[in-house]
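Notes to accompany the following structure.
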Amino acid sequence: MQIYLYNTLTRQKEAFTPRDPQRVTLYVCGPTVYNFAHIGNARPVVVFDTLYRLLQRAYPNVVYVRNVTDVDDKINAAAQAENVPIGTITERYYEVYRADMAALGALPPSMEPKVTQHIAAIVSMIERLIANGHAYEAEGHVLFNVPSFAAYGQLSRRARDEMIAGARVDVAPYKRDPADFVLWKPSPPDLPGWDSPWGRGRPGWHIECSAMIERNLGPDTIDIHGGGHDLIFPHHENEIAQSTCAHGGRLFCRYWMHNGFVNVDAEKMSKSLGNVLLVHDLLQTAPGEAIRLALLSAHYRQPLDWTDAGLKDAKAQLDRLYRALDALKDVEAPAAPAAPAAFLAALADDLNTPKALAELHQLANAANKATDTAERARLKGELLAAGWLLGLLQQDPSVWLKGEVAKAAIAPEEIEGLIARRHAARARKDWAESDRIRDELAARGILLEDKAGQTTWRVAS
Ligand code: ZN
């Protein structure tokens, strides 16, 4: 299957060719965990989960890394407000985040590295940037010297004045150039900090991603880097500068993908308008699967207008699709069903999810009309395989149609898949990964029991 992706770097749709087809690498900027995720935060999660699923169908080994920013000024402020350590805040909201995203059918990424566990990697990268003349220390800060990297601005294609204004960086007296940005900053005694060659301090936001990519995916060029449109500048521009300069000019990433904004009733979501929709609250009123379908109903690069009517329509679409599946309950889907070519072509065309959804409805139409047993079995398999790629239709149709959204919100096949991954982790003595998968399932309401080398599971009561 040839996948085509729109590359922000070249402003073109390109045929996707991984550097190494045996190890496809995908990195997506993850959450800063100090409050609940809103629907705008959920969009990249669902979009890149769909990409992850498609890549897994096309390539044998896809490594998907989504970081967790667990040290940040907003986290510090939240911790001080409650008079607790930052870990109390970040653990609480990270758990909520994982549970909310799981409810939207997002598969756990291969790795979810945390900034606080990568301070040494961050310090090492900053040291290299200083050593090769791209960064400098000034008054306890370390800054990246933007004029030292001639290609700066290649991703956002902004003019220099625009970049300086857009970055909204302080024009501090210790900066050599107004565009220079912070890699490391000093921490006063009442804020979290780590010892470094430049005194006690904490990392800037941009360097985190460069260092975590290098440590978990690199140091070679990665295939795909994703995130929201708002991250193109300055965040991703700065990641390119840092990683390219720390790696002697080697290309950092080949394909850059950015999803559009989510508006609510045609207005920008903002605290001041009081229209910020939290995923956690939406899940009280609608099944996660309907929220997911609503998020996939527009092409990912377009803005998405979130409305109650859109969510209701998504639920009605799922009712229709599940009714078609339920009517096929007397036939067995083939053992390894494949999604039909037209559906795959839509998804492989820069994730054209509106078209893929239309193809899914075509399949349901065909299934509703079919009378031949073999054809009905084939169509059932195609519906399930196509549904899986969109992260839809994996529940028992009778459960969905009864309106009893499964408490666990996870399909048995996904549970079995995670158990298999956990077994593999245990076999290579990767206890952290094994525990992570167990915790992940527990957060989704599934409890594991290990007995005599076998793992069984049950839904938590
Ligand atoms: Zn990032």
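So the values come out like this:
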| item | result |
| --- | --- |
| Peptide ranges 242-252, 276-286 listed from the most packed, as the mean C-beta count within 10 angstrom indicates | 242-252, 276-286 |
| Shape of the range 305-387, Cα gyration tensor, a/c cut at 1.5 | oblate |
| Semi-axes of the equivalent ellipsoid for the range 405-459, Cα gyration tensor, largest first, Å | 19, 11, 9 |
| The chain - mean residue ellipticity at 222 nm from DSSP helices (-39,500 (n - 2.57) per run, n ≥ 4, rounded to 500) | -14000 deg cm²/dmol |
| Value of Rg to Rh for the chain (Rh from inverse mean 1/r over Cα pairs, i.e. Kirkwood) | 0.98 |
| Leading residue at positive end of dipole, the chain (Cβ point charges), from Ala367, Gln242, Asn216 | Ala367 |
| Ratio Rg/Rh, restricted to the range 123-273 and using Cα atoms, in which Rh is the Kirkwood radius | 0.99 |
| Packing-based ranking, highest mean first, of 444-451, 71-78, 351-358 given that Cβ atoms within 10 Å are counted | 351-358, 71-78, 444-451 |
| Long pairs among Lys402/Lys451; Lys329/Lys451; Lys429/Lys451; Lys13/Lys315; Lys114/Lys429, criterion Cα-Cα beyond 23 Å | Lys402/Lys451; Lys329/Lys451; Lys13/Lys315 |
| Only Lys, Arg (+1) and Asp, Glu (-1) charged, at Cβ; the chain dipole about Cα centre in debye | 600 debye |
| For Glu239, net neighbour charge (Lys/Arg +1, Asp/Glu -1) across residues whose Cβ lies under 11 Å away | -3 |
| Span-like helix ranges in the chain, DSSP H, alpha carbon extent 15 angstrom or more, Kyte mean at least 0.0 | 39-58, 119-131, 373-390 |
| Interchain or long-range residues, amide H under 5 Å from Leu304's placed H | Phe261, Val262, Asn263 |
| For the range 239-344: rounded, prolate or oblate by the Cα gyration tensor [a/c cutoff 1.5] | oblate |
| Spatially proximal lysines relative to Lys185 (Cα-Cα < 16 Å; intrachain offsets below 8 disregarded) | Lys74, Lys175 |
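No value in this document is a laboratory result; all are computed from the given coordinates. Here the structure is a predicted model, which means the values were calculated and not measured. When we count neighbours, we look across all protein chains shown, and the Cβ atoms used for this are built from the backbone with ideal geometry, even at glycine.
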